[in-house]
1. Short version: ³J(HN,Hα) in whole Hz for each residue of the range 483-493, in order, from phi by Karplus 6.51 cos²θ - 1.76 cosθ + 1.60 (θ = phi - 60°), x for Gly and Pro, what are they?
2. Could you order the peptides 45-54, 379-388 from most to least packed, using the average number of other C-beta atoms within 10 Å per residue?
3. If you add up the charges near V545, with Lys and Arg at +1 and Asp and Glu at -1, over every other residue whose beta carbon is less than 15 angstrom from its beta carbon, what do you get?
4. Report the calculated FRET efficiency for S269 and N54 (r = Cβ-Cβ distance, R0 = 56 Å), to the nearest 0.05.
5. Could you look at the range 1-136 and say what percent of its accessible area is carbon and sulfur, using a 1.4 Å probe and all protein chains?
6. Could you order the peptides 283-293, 548-558 from most to least packed, using the average number of other C-beta atoms within 10 Å per residue?
7. What whole-number value in Å² describes the accessible area per residue of the range 376-507 for a 1.4 Å probe?
8. Tally Lys and Arg at +1 and Asp and Glu at -1 over the other residues with C-beta under 15 Å from the C-beta of S292: what net charge comes out?
Amino acid sequence: MNYGTTTAYGSSSALNSSLVTSHSVTLTGLAANTTYNFDVVSANSAGASATSPNSTFTTSAVPTPPALLAYEPFGEASGTPLNGATGNGDSGWASPWVEQLGSNVVPGYEVLSANPLTYVGLQTTPNYAIGGYQYQSAGRQLNVTPGGPFNSYLSNGLIGTPGQTIWLSFLLREDANPSNGQINAVYLTANNSGSSWQPQLGIGIGYFGGTASWGLQYNNGTPILSNVPVVQGQPTLFVVQITFGSTNQVNLYVNPVIGGAVPTTPSASFSQTGSVAFQSIAYLGTYGASQSSLGSIRVGTSFAAVTPSRTPVISGVSVSGVSSSSVTINWTTDQATSSLVNYGTTTVYGSSSGLNSSLVTSHSVTLIGLAASTAYNFDVVSANLAGTSTTSPNSRFTTSAITPPPALLAFEPFGESSGTPLNGATGNGDSGWAAPWVEQLGSNVVPGYEVLSANPLTYAGLQTTPNYAIGGYQYQSAGRQFNVTPAGPFASYLANGLIGASGQTVWLSFLLREDANPANGQINALYLSNYGAGNSWVPQVGIGVGYFGDTPSWGLQLNNGTPTLSTVSVVQGQPTLLVVSVTFGTTNLVNLYVNPTSLGGSAPTTPSATFSTTSNIAFQSVSYLGGYGTNSSSLADLRVGTTYASVTP
């Protein structure tokens, strides 16, 4: 595109060589309120080009920034009569407030601060005026002198130049029961400052004593009502737009969103050929004391000027979900705002979460990709719809260390061919063992202790193998020793050559099935023993896990003592998952989890059975007493690991 203020152009856009049939070029850096000439040029893949005839466009004027023309914050000390008050921090007025008969009686028309009027997102002040008093009103004249803030709006000394639009906003609260039918309204009137206000003349905004809805009124005529009800004790924001002309247009917006555009549809509206020019604001705050409150009056050139956004307030900054590489930052704001977190290892930060522009009051931002075991500084930033933002003070968090992944220390899949005697079996695919299985008397008789695959043990969600071991044989047991060498997988768990270092926790899991009728009272259990590999197993010594021949429930046993039972019954033919944690210390703790439903993560909160003991429970071997006769029991997928997750894959 070629362009310029004459047909000689002089400037052009950069060439976009993409070959398309629909074209769009944006020009930037243009002068405001200026007419430009331009043509467009396009060339095809062969280089053949075409140029359009000259066209023109005119840029818009620079918009005038929003201006506040008058402001009333009611800044006097609480308890000051409104009569004679000058606002203290006000602007745009010609004289103080005047009560209709000059009364200074309080309570009446006075300034208070005990119960401020607030509105979500709006800048407000703690003070406000209350009314009324004996059917009287109070009013104040705006500064309508030539050269004053309303100079461009003046016509015959009043605010009302045709073609101009002016905006008014204020907060009004009905403190009495609206069913009393008393007027609670603000009026824009042509009266000047004096003690003879006639507030019903001019434009009225508020509640006019009939149907309890907020609305507009002209010269004490029939109100034009919104569908917003008058609610006792609830501050209401009124924004009024007045456009002067041969037909004047008055629009009322009740409780608009702060920081947004002017609502598309007003809450109430009227047009009027009669004069709506004004120079004063009058307040009729019902007919008795303490029945109405008025706060934060603003007159300005635009909706934005009379609805200034209040800075959001951030509170409750906290962190949660701290890990080695991530953290979640949480906070709340008193108004709907966006979310952003700045963070880094110093207070310079250097990184940010990226802006979430959704406007909410409850915020949560997750930071990822953090370094482990590192202290971070951060602040949070929230901005409201108007773009007014606030930033929290600096805070800190420290990421956690990297947690070693769950480790499997020993595994027995019973990987030999089906029919292989268990005596002498090495597992075939196993790990973490010092020697093969040994049957108590060295028996290789089958059926007896042997490996099978015809009826695998399975459990919902658990990784399992097709093979398993069966027992028993003539009241005997079979056992296998772990690799407890100093450099083996259990090195950090060793104390005096046994698995039992104080402060350590080891986990064991296996599948066990009662293939005989449990009513026969035959033990079907696994034992963690301090015996070494050999053919003289005494399985009842150490920690027992399984069924111990009395009450048919799964449980724990220590050194052939009284079992500690769960509430889970032994069911013939049903594979059962038994998970055990052993924590070594001055007092050792053993927990049993029977048939846990959650695998691969954290252990259930409450164990199925548990015991603690000061006796030595260190071990180096596992032994299996699978009933007293053949085909009484099945054992599969024996695992020992560092965590619950490692033994429940």
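The values are calculated or read from the model by the stated rules, or taken from the named source; none is laboratory data. All of these numbers come straight from a predicted model, not from anything done at the bench. Note that we place each Cβ from the backbone using ideal geometry, even for glycine, and neighbour counts take in every protein chain shown. Note: areas computed on protein heavy atoms with side chains; ligands, DNA, RNA excluded. Shrake-Rupley method; radii C 1.70, N 1.55, O 1.52, S 1.80 Å.
1. For the range 483-493, the Karplus curve yields 7, 9, 5, x, 9, x, x, 9, 3, 6, 9 Hz.
2. So the order, starting with the most tightly packed, is 379-388, 45-54.
3. -1
4. Using R0 = 56 Å, I get an efficiency of 0.80.
5. Answer for the range 1-136: carbon and sulfur cover 53 percent of the accessible area.
6. Going by the mean number of other Cβ atoms within 10 Å, highest first, we get 283-293, 548-558.
7. 44
8. -3
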